[in-house]
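Heads up, the thing below is written out as structure tokens.
Throughout, read-outs are computed from the coordinates displayed, never taken from laboratory work. Keep in mind the model is a prediction, meaning the values are calculated, not measured. Backbone-built Cβ (ideal geometry, glycine too); neighbour counts: all protein chains shown.
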Amino acid sequence: MTSAADQSLRAEAALLARDERWSSALSLCAQGGAAAQSAFELFYDESATLALSLAKRVAGPAFAEDVLSESYLQAWRQVGQFDPNRGRPSTWLLTIVRSRALDRLRAENLRRTESLDVEDDEAHPRAQEPIDTHPGPEALLQGQQQHTRLHRALADLSANERWVLSLAYYKDMSHSEIADHTALPLGTVKSLASRGVQKLRVAMSAML
């Protein structure tokens, strides 16, 4: 009868053999040439099930296939960055998959929130809730007096525009710090801040 220790050793040996195959395949991909495509196909065939499983857990089944495609495209483009001395090929791949899955979730959350913002606030009183579900700087803006000109101008902003501006002005965060805090892409943070400030200027000018 095979002991648990023997099974563990065999499993570890199988993982080491797999890592060696994947590392060799990625190395051939990085070198380019005729063997690169076949090597990447081997890497994809053996790792896709693992990658898809993570994509489903993080982004959900609806986006898993798209995340998988984006992940392997990035892996192909950045294969030269893989260093077997710094980590396992499976870890390198799954880091890419997780990053792409989180990006897809953020983009979808942002899209849904922006879509809700154009609907009637009376019919959808919670349409301008921020992505973040934890109490934070948004409460600082919402706590302003309801009938000031500033508050009326803020009410015309999207939830994410108010969220980003509240972090910038009430927490004195830079764009990079806001991106780290909210998990939004830096470009999105800059766009939201710029658009929010412009809307405030226009609204305040009209009120004055």
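Rounded to the nearest 0.05, what FRET efficiency is calculated for Leu15 and Ala62 with R0 set to 30 Å and r the Cβ-Cβ distance?
After rounding, the FRET efficiency stands at 0.45.
Mind checking which lysines have their C-alpha under 18 Å from Lys171, skipping anything on the same chain fewer than 8 residues away?
Straight-line reach from Lys171, under 18 Å: Lys190.
Rank by packing, highest mean first: peptides 87-97, 12-22, with packing defined as the count of other Cβ atoms within 10 Å averaged across residues.
Result, highest mean first: 87-97, 12-22.
At q = 0.22 Å⁻¹, what is the log10 ratio I(q)/I(0) for the stretch 15-109, with the Debye formula run over Cα points and no solvent?
Log-scaled intensity ratios, in q order: -1.06.
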